[in-house]
Each structure stands twice: as structure tokens, then as C-alpha cells.
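Down below is the structure, laid out as C-alpha cells.
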Amino acid sequence: MSEENPWLAIWVRPRDTIRSIIAENPRRFLWVLAFIYGFTSLLNGFQSFPIALQMGMMPVLLISLIIAPLWGYAFFAIWSWVVVWVGKILKGQANFETARAAYAWSCVPLVGNIPLWLLLVFFYSRFLFYGMQDQVVMPGAAMMLFIILIAKLVFAIWSVVIYLQMLAEVQQFSILRAIVNVILASLVIGIVTAVIWSIAIYVYMSALAPPVAVDSHSMEWFVQFIK
């Protein structure tokens with residue numbers, strides 16, 4: 001297996017490939033894979049936040065390129081820790097490094113999303129974040145956009161498929177138990193994220209709220225009362 005290129009073998013033999021990678025070096029190409037995940041994830045995320053409307057295309061691309069490795073690395077760590085923690089409840093055998101390697105290498109199909117994003121940037125430029133307008137609804141542009149989105153969906157689905165295979169391998173699970181592992185880990189992260197987000201919004205809104213004015217007559221009455 002060591003003679004094979006893992007970037008190619010992972011597409012069709014994920015179990016054998018991740019077994020070989022872990023045996024040789026579970027950190028192999030970790031930062032490269034973190035960049036791949038981080039870059040595509042950040043671009044997808046920017047489409048959901050209004051701040052991208054004010055920044056423009058080039059700043060969004062530059063920020064994504066610069067922080068992509070750190071973003072990907074951090075997400076690999078958080079996700080893998082939760083997967084291992086939940087997996088222990090299900091009698092899983094993976095440790096942090098093997099679980100992280102499985103998730104990192106499942107991002108190989110996302111390499112295909114990078115040229116697709118470049119096509120979107122080249123043909124649709126700032127309309128990616130400012131809203132698709134007239135040129136997108138034209139037949140030729142609409143067909144190209146449809147093909148690009150279908151291709152991104154295919155890469156994403158295949159990434160999930162090979163991840164479940166590799167997670168099952170490192171955890172010594174069946175595919176069904178690997179799916180349960182992923183669902184439970186997603187629920188844990190979702191709940192924690194919702195709590196943190198709610199607290200952040202509450203603190204932010206509290207900071208913006210004007211101070212409550214105290215009526216002087218009421219205050220004098222209260223002072224007299226406690227005397």
C-alpha cells in the first residue's frame with residue numbers, strides 16, 4: 001500500500017488507505033488537508049454572513065487563504081475530540097490522532113471544490129456574496145452554475161461516504177454504528193454551539209441596551225422606607 005498514492009487510493013479504497021496512513025504517520029499531510037477543508041469551509045461560511053457584503057470578493061479570498069490552515073486544523077481537533085469522546089460510549093477503539101486522520105483524509109474530495117470556487121469567482125465575481133442577479137438567470141450562466149453546484153454536491157457526498165468508511169475502520173465499527181457516532185457528535189457540537197451563540201448574543205445585546213434611569217423621587221422614598 002505504501003507504493004500507492006493515498007490521494008488517489010482514498011477515493012476507492014478508504015479503509016485500506018487510512019490503515020496504511022495510520023501505520024506510517026497519522027499526521028501525514030495534515031496541514032495541507034486542513035488548508036483544503038478550511039478554504040472551502042470559509043468561503044461557504046462567508047456566503048451566509050452579511051459582513052461579506054461589505055468586504056468584497058478579494059478581501060474574502062485573501063482572508064480565507066490566510067486563515068484556512070488554522071481554521072481547518074482547529075475544526076479537525078474539535079470534531080475529532082468529540083467523535084472520540086462519543087465513540088467511547090459506543091465502545092469505539094479510535095484515539096484522537098487516528099480519528100483526526102480519518103476526518104482529515106475524508107476532505108480529499110473537497111480538492112475538487114477549489115477549482116469550482118475559482119470558476120465561480122471568475123464568472124460571478126462579487127455576486128457570490130452580493131446576490132445572484134440578472135446574469136445568473138440567463139440560460140448559459142444558469143446552466144454553468146447548476147453544473148458547478150451539482151459537482152460540489154457530488155464531492156461533498158463522496159467525502160461523507162469515505163469518512164464513514166474510515167471512521168468505521170479506526171473505531172472498529174460497522175457502518176451503521178459509525179453513522180450513529182457522527183450523528184451524536186454533531187448533536188453535541190450543535191448544542192454547545194447554540195449555547196455559546198445564545199450567550200454571546202445576550203451579552204452583545206446587553207452591552208447595547210441603554211442604562212435604566214432611576215426616578216429620584218422613588219429613590220428618596222426607598223431610602224426613607226429602609227430607615
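Considering region 173-187, and only residues there that are under 10 Å from Val83 (Cβ atoms) and out of contact with any helix residue (DSSP H, G or I) (no Cβ under 6 Å at 6 or more places or on another chain), the residue that is surrounded by the fewest Cβ atoms within 10 Å (Cβ to Cβ) turns out to be Ser186.
Of Ala52, Ala74, all but one fail to be assigned to a helix (DSSP H, G or I) and either in contact with a strand residue (DSSP E or B) (Cβ under 6 Å, 6 or more places away or on another chain) or at pLDDT 90 or above (or both); the exception is Ala74.
For region 175-188, the criterion of being modelled with pLDDT under 95 and over 19 Å from Trp105 (Cβ atoms) is met by none of the residues. No other residue among Ala102, Ala94, Ala68, Ala74 is over 19 Å from the mean Cα position of the chain (by Cα) and of a type in the set (Gly, Ala, Ser) apart from Ala94.
Here is a yes/no grid of residues against (1) surrounded by 13 or more Cβ atoms within 10 Å (Cβ to Cβ); (2) part of a helix (DSSP H, G or I):
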position	(1), (2)
Trp11	yes, yes
Pro26	yes, no
Ala34	yes, yes
Gly38	yes, yes
Val82	yes, yes
Lys91	no, no
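Within region 6-52, being polar (S, T, N, Q) and touching a residue at least 12 places away in the same chain (Cβ under 8 Å) holds for Thr17, Ser20, Thr40, Ser41, Gln47.
Tally the residues that are of a type outside the set (Ser, Thr, Tyr) and closer than 21 Å to Ala156 by Cβ, restricting the search to region 66-106.
Number satisfying all stated conditions: 17.
The values are calculated or read from the model by the stated rules, or taken from the named source; none is laboratory data. Not measured: the values here are computed from a predicted model. FYI the Cβ positions are ideal-geometry reconstructions off the backbone, even for glycines, and counts take in every protein chain you see.
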